[in-house]
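To start, the structure itself, in structure tokens.
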Amino acid sequence: MNRITFTDPNFLYLLLVVPAIIAFYVLKQHKASASIRMPGLKPLEKSGTTIRNYLQHVLFAVKMTAVLLLIIVLARPQTTDKFQDVSTEGIDIILTLDISGSMLARDFKPDRLEASKAVATEFISGRPYDRIGLVVFSGESFTQCPLTTDHAVLINLLREIQSGMIEDGTAIGMGLANAVNRIKDSDAKSKVIILLTDGINNRGEIAPATAAGIAKTYGVRVYTIGVGTQGTAPYPVQTPFGTQYQNMPVEIDEAILKDIAQTTGGRYFRATDNDKLVQVYSEIDKLEKSKIDVKQFTRKDEKYLIPALIAFCLLLIEMLVRYTVLKKLT
């Protein structure tokens with residue numbers, strides 16, 4: 001984006017002199033127009049203002065405009081264009097998110113799913129040079145968004161996720177296998193899956209250990225996150241009177257999540273509240289940093305020519321009128 005800068009901005013302080021000159025001119029005109037009332041001059045009262053007076057004021061305004069422009073010329077206005085040449089060794093990341101009914105538990109604010117979406121959104125926004133995709137799972141799994149650098153679209157699709165979009169359950173193996181399938185052909189320097197769940201694998205045709213072995217084969221590193229407080233948490237339960245929340249034990253298969261992480265060279269994290277979840281994503285962000293080389297180029301264009309030409313024309317007009325038209329009116 002172009003922006004105006006000045007090479008010698010100190011000259012702009014001269015603009016403070018212009019109001020003083022105008023004030024002096026007004027005061028001078030006021031004194032010059034002061035009159036002494038005499039009984040015999042009543043017929044001449046209407047003859048005080050002439051075309052010459054108006055023309056002098058106009059010429060003064062023209063001259064002041066020219067002075068303003070010349071001060072701007074002295075400050076040398078320029079437009080500055082900045083270009084960036086970015087080369088990056090990118091990282092491809094698939095976020096794999098559990099959207100089962102238990103993700104509506106209220107041990108996170110407002111619940112586990114919304115908290116996970118909010119933190120994931122911040123994570124995406126902080127990695128502008130990486131391709132990121134989104135896979136969701138519960139009883140089954142599907143791809144919400146393939147790998148993309150259009151993070152605005154990705155974030156919008158992430159916000160649309162709701163529990164109940166697919167059959168309920170927790171198919172960790174299916175979710176991981178789907179994510180691996182989406183990233184396995186990537187030629188990125190680093191291929192990463194972040195898998196977040198709050199339960200125990202109880203659905204799906206692919207075991208989590210099998211999916212982890214596939215990920216290892218394709219050089220995919222998996223970071224696993226277990227979300228849920230220690231002890232019990234208020235889970236949503238359908239009753240004849242609608243959805244109610246009952247305190248139930250938090251069950252996360254940490255052994256499986258640790259095994260997935262260890263097999264693929266990743267790490268397992270446990271998030272027990274919103275703050276811990278933020279810390280987990282922050283730590284993963286530090287572990288997986290893109291190598292970015294940025295070269296910045298700046299181009300400056302001088303913009304003093306137009307105000308200089310306008311000022312010259314105004315001064316020329318002022319001189320011509322003063323020494324031709326105004327002289328004839330004397």
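The values are calculated or read from the model by the stated rules, or taken from the named source; none is laboratory data. Only a predicted model underlies this, so the values are computations on that prediction, with no experimental measurement involved. FYI the Cβ positions are ideal-geometry reconstructions off the backbone, even for glycines, and counts take in every protein chain you see.
Is it true that some residue in segment 92-108 is of a type in the set (S, T, N, Q), more than 19 Å from the chain's Cα centre (by Cα) and part of a helix (DSSP H, G or I)?
Step one: filter segment 92-108 for residues of a type in the set (S, T, N, Q), giving 96, 100, 102.
In the following step, the residues that additionally are more than 19 Å from the chain's Cα centre (by Cα) were identified as 96, 100, 102.
Add one more test, that the residue is part of a helix (DSSP H, G or I), and what stays is 102.
Yes, segment 92-108 contains a residue that is of a type in the set (S, T, N, Q), more than 19 Å from the chain's Cα centre (by Cα) and part of a helix (DSSP H, G or I).
All but one of (1) farther than 15 Å from Thr96 by Cα; (2) in a helix (DSSP H, G or I); (3) more than 31 Å from the chain's Cα centre (by Cα) hold for Gly173; state the number of the condition that does not hold.
So the condition that Gly173 fails would be (1).
With respect to the numbered conditions (1) touching a Pro at 6+ places or on another chain (Cβ under 8 Å); (2) in a helix (DSSP H, G or I); (3) modelled with pLDDT under 90, which one is the sole condition not fulfilled by Ile72?
(3)
So, in segment 181-217, exactly how many residues are in contact with a helix residue (DSSP H, G or I) (Cβ under 6 Å, 6 or more places away or on another chain) and either without any contact (Cβ under 8 Å) to a residue 60 or more places away in the chain or in a loop (DSSP other than H, G, I, E, B) (or both)?
12
Residues to consider are Tyr235, Tyr304; find the one that is farther than 30 Å from Lys109 by Cβ, among the hydroxyl-bearing types (Ser, Thr, Tyr) and modelled with pLDDT under 95.
On the way: Tyr235 fails: farther than 30 Å from Lys109 by Cβ.
Sole residue among the options that is farther than 30 Å from Lys109 by Cβ, among the hydroxyl-bearing types (Ser, Thr, Tyr) and modelled with pLDDT under 95: Tyr304.
Considering Ala207, Ala261, which residue is closer than 22 Å to Met174 by Cβ and in contact with a Phe, Trp or Tyr (Cβ under 8 Å, 6 or more places away or on another chain)?
Values: Ala207 fails: in contact with a Phe, Trp or Tyr (Cβ under 8 Å, 6 or more places away or on another chain).
Only one candidate qualifies: Ala261.
In segment 127-156, what residues are assigned to a strand (DSSP E or B), more than 18 Å from the chain's Cα centre (by Cα) and among the charged types (D, E, K, R)?
Residues of segment 127-156 assigned to a strand (DSSP E or B): 131-137, 141-148.
Filter once more, keeping what is more than 18 Å from the chain's Cα centre (by Cα): 133-137, 141-147.
Listed by number, the list is empty, since nothing qualifies.
Of all residues in segment 152-180, count the ones that are more than 24 Å from Arg127 (Cβ to Cβ), touching a residue at least 40 places away in the same chain (Cβ under 8 Å) and either surrounded by fewer than 23 Cβ atoms within 10 Å (Cβ to Cβ) or of a type in the set (A, V, I, L, M) (or both).
Looking only at that region, the number is 8.
Mind listing just one residue for me: the one in segment 200-245 that is more than 27 Å from Glu283 (Cβ to Cβ) and aromatic (Phe, Trp, Tyr) and, of those, farthest from the chain's Cα centre (by Cα)?
Phe241
Do you know which of the residues in segment 218-250 that are in contact with a helix residue (DSSP H, G or I) (Cβ under 8 Å, 6 or more places away or on another chain) and among the hydroxyl-bearing types (Ser, Thr, Tyr) is surrounded by the fewest Cβ atoms within 10 Å (Cβ to Cβ)? I'd like the intermediate steps shown before the answer.
If we filter segment 218-250 for residues that are in contact with a helix residue (DSSP H, G or I) (Cβ under 8 Å, 6 or more places away or on another chain), which is where we start, we get 218, 220-228, 235-236.
Still in the list and also among the hydroxyl-bearing types (Ser, Thr, Tyr): 218, 223-224, 235.
Values: Tyr218: 14, Tyr223: 26, Thr224: 28, Tyr235: 20.
So, considering only residues that are in contact with a helix residue (DSSP H, G or I) (Cβ under 8 Å, 6 or more places away or on another chain) and among the hydroxyl-bearing types (Ser, Thr, Tyr), the one surrounded by the fewest Cβ atoms within 10 Å (Cβ to Cβ) is Tyr218.
Do we find a residue being in contact with a strand residue (DSSP E or B) (Cβ under 9 Å, 6 or more places away or on another chain), modelled with pLDDT of 70 or more, outside any helix (DSSP H, G or I) and under 30 Å from Ala179 (Cβ atoms) anywhere in segment 77-88?
No.
Tell me which of these Lys286 doesn't satisfy, since it passes every other one: (1) basic (Lys, Arg); (2) over 23 Å from Ala120 (Cα atoms); (3) within 30 Å of the chain's Cα centre (by Cα).
Unmet for Lys286, out of (1) basic (Lys, Arg); (2) over 23 Å from Ala120 (Cα atoms); (3) within 30 Å of the chain's Cα centre (by Cα): (2).
Can you tell me which residues in segment 218-259 are over 19 Å from Gly139 (Cβ atoms) and part of a helix (DSSP H, G or I)?
Passing the criteria: Glu254, Ala255, Lys258, Asp259.
Yes or no, residue by residue, for (1) within 30 Å of Leu158 (Cβ to Cβ); (2) modelled with pLDDT under 90:
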position: Gln29; (1), (2): no, yes
position: Gln56; (1), (2): no, yes
position: Gly90; (1), (2): yes, yes
position: Leu104; (1), (2): yes, no
position: Glu122; (1), (2): yes, no
position: Gly126; (1), (2): yes, no
position: Asp130; (1), (2): yes, no
position: Val136; (1), (2): yes, no
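Enumerate the pairs (first residue in segment 266-292 and charged (D, E, K, R); second residue anywhere and surrounded by 15 or more Cβ atoms within 10 Å (Cβ to Cβ)) with beta-carbon separation below 6 Å, excluding pairs fewer than 6 apart on the same chain, so at least 6 apart or on different chains.
Once the first residue is charged (D, E, K, R) and sits in segment 266-292, its partners that are surrounded by 15 or more Cβ atoms within 10 Å (Cβ to Cβ) give Arg267/Tyr223; Arg267/Ala261; Arg270/Gly226; Glu288/Ile91; Glu288/Val192.
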